[in-house]
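Worksheet: one structure, shown below.
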Amino acid sequence: MEILVCVKRVPDTAENEIEVKGDGSDIERDDLVYSVNEWDNYAVEEALQIRDKVGGAVTVVSVGDDESEEVLRREMAMGADKGVLLSDDAFEGSDGAGVAAILKAEIEKGKYDLILTGAQADDGAAQVGGMLAAMLDLPFASLVNAIEVIDGNTLKVGREIEGGNQEMNEISLPCVLSIQTGINEPRYVGIRGIRKVASVEIPVHGASQLGIEPASVGAAGAKVRRLDYFVPELGEGAEMLEGDMDEICDKVLELLKAKGGLK
Amino acid sequence: MAQIFAYIRHKDGVADDSALELVNAAKQIDSGAAATAVVTGSGAELEAVCSQVAASYAQVWKVDHAALAYPNAELVRKALLKLLPATGILLVAHDTFGMDLSPGLAVKMNLPFVSDVIAMDSLDGTALKLVRQEYGGMAHTHVTCDTAAGAVINTRAGAFAPDESKAAAGQVVDKSGAVGDLAATRAFLEVVAAEAGDVDITKSDVLVSIGRGIEDQENIELAEELAQAMGAVVSCSRPIVDAKWLEKARQVGTSGQTVKPKVYMALGISGSFQHLGGIKGNPFMIAVNKNPKAPIFQVADVGIVADILEFMPELTEKIAK
């Protein structure tokens, strides 16, 4: 099975405090720790497991700047066979549909049976997979937390729905699936793995190689534009307890007694 | 102004809570707007939902089709493409169905799609300004799109107040004839119910809930010791289940359990809307997180900026004394 996985380099929210710049134009990007989008990592692991079971190859692709190469290399160190970077000044400021259109152009240059994305990324929109499927006229399922290969034409997929329930579907190939975290346990990537792929060439495709009209993507082609980042006027929020740990715990103990938190 | 439609999710003949929230989401776009509810389904359950929703929407479009008895997003999309006018704003709840439906629908309708909207800011001509969050709720953004031709907008559960007036006395219009044949490339098979765990966290009045801040599987013992000292039960957020450190039945959130405790301790939990969506009944919430910007501090009653690995044993010891 030929599998393509779309991945994105994002600020790691588990490692960073995200601060909005004073002028609202962006978040503070100095000293941010970046990593591969968590959902995408599960998608790559799932692709590798399917490949190892039924054969074929896994290609990882990313729309981004030069630095996105590092996440492609990381996913290749996990075991992906190929990496492709889709990069062009014209791609900057793309909305979800723009990113999907860029990925579509790359996908149409090859022949893939299965296309995976993460269910969502740093902007929390959960949109590129569904848009890509619609643009390619392929079947789609979101929030996939189980995949079983029935045969060369069909998959059985589980979708995570409300309340811990799982919705089972049969879907025909080729198709696009967006992958939910927890579907598998992504393998660990060591320094040695990264070194092994350090010199593998990663082709870069821009608008002209992909046959994309530059004005149709990027900020120029975006139907949805981000105007600013801002810090909202929030309510009072929590009463913050301060002091040393001993004092804090005394206070918490008092509160727990008062609120029925101790039995 | 493009006409506003609200897609109504329902289950077992009862409309989802989002049905009332979308009434107000439409009014936030345009205070004079009366949105039209679109309800797809089949048979008696559909009838019941339409009557219920007519109390809140002036007009309800009913689509009765055997293939739509279960809401398969692909079939609903095909039905909506036949049903909706070329220009219209469609509001959809940003839940596991809305995420499945809306991005592809927007592409097929050639309309802008704005996902997980938490507020409508303003409408200037046809330019709609909306509020979203990024980075797990750590940054807010304004986004804009031109709604001259319409738009597909997914709204976050709980972000818009429900419209409880129920004074619409709306009219149900049967639009089933507009849909015709529907065929899917993705076939719904069944819903597999969640497995029951060894502990029912929904029955506990006091929850000690752990998130990513627990850092390592072996630290879960610290939470268990604290819970034992308090007479509480350990629950968790999604990353702990993803890591297979605790069973799925312990997960609080929209994709896990909905809990209604009296006291909720959120330890090392950032507070994503999916997690908060599983906490009902307004419990007294104590949040401990290393990150002072964690969204959990906006909803907690009491907050502590600290490492939970230091906090938990200290509190356990205090209770023991």
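The values are calculated or read from the model by the stated rules, or taken from the named source; none is laboratory data. Not measured: the values here are computed from a predicted model. Every residue, glycine among them, receives a Cβ derived from its backbone with ideal geometry; neighbour counts consider all protein chains shown.
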Subject >> Matching residues in the range A:207-263 - criterion: being of a type in the set (Val, Ile, Thr), at pLDDT 95 or above and closer than 23 Å to residue B:298 by Cα >> reply: A:248, A:252
Subject >> Residue satisfying condition, being within 21 Å of the chain's Cα centre (by Cα) and facing chain A (nearest Cβ under 9 Å), within set B:243, B:193, B:266 >> reply: B:193
**OP:** Could you grab the pairs with beta carbons closer than 8 Å, sequence gap of 6+ or different chains, first residue in the range B:60-79 and more than 11 Å from residue B:42 (Cβ to Cβ), second one of a type in the set (D, E, K, R)?
**Re:** B:61/B:175; B:72/B:186; B:73/B:100; B:74/B:186; B:77/B:108
Subject >> Pairs with Cβ under 6 Å, 6+ apart, first in the range A:164-182 and in contact (Cβ under 8 Å) with a residue 60 or more places away in the chain, second part of a strand (DSSP E or B) and among the acidic types (Asp, Glu) >> reply: A:180/A:160
Original post:
Taking the range A:148-165, which residues are more than 8 Å from chain B (Cβ to nearest Cβ), in a strand (DSSP E or B) and out of contact with any helix residue (DSSP H, G or I) (no Cβ under 6 Å at 6 or more places or on another chain)?
Top reply: A:148, A:150, A:151, A:154, A:155, A:157
**OP:** Return a yes/no flag: does the range B:83-94 have any residue that is over 26 Å from residue B:174 (Cβ atoms) and within 10 Å of chain A (Cβ to nearest Cβ).
**Re:** yes
Subject >> Candidate set from the range B:116-135 (those that are among the hydrophobic types (A, V, I, L, M, F, W, C) and part of a strand (DSSP E or B)); member that is nearest to residue A:19 (Cα to Cα) >> reply: B:131
Original post:
Does residue A:137 count as among the charged types (D, E, K, R), out of contact with any Cys (no Cβ under 6 Å at 6 or more places or on another chain) and surrounded by 22 or more Cβ atoms within 10 Å (Cβ to Cβ)?
Top reply: no
Original post:
Residues A:253, A:241, A:262, A:210: which one is within 12 Å of chain B (Cβ to nearest Cβ), in contact with an Asp or Glu (Cβ under 9 Å, 6 or more places away or on another chain) and among the hydrophobic types (A, V, I, L, M, F, W, C)?
Top reply: A:241
**OP:** Considering only the range A:12-28, state which residues are of a type outside the set (S, T, N, Q) and within 7 Å of chain B (Cβ to nearest Cβ).
**Re:** A:14, A:17, A:18, A:20, A:27
Original post:
Being in contact (Cβ under 8 Å) with a residue 24 or more places away in the chain and buried (at least 20 other Cβ atoms within 10 Å of the Cβ), is that true of even one residue in the range A:188-204?
Top reply: no
Original post:
Based on what the data block shows, is residue A:221 within 14 Å of chain B (Cβ to nearest Cβ) and surrounded by 18 or more Cβ atoms within 10 Å (Cβ to Cβ)?
Top reply: yes
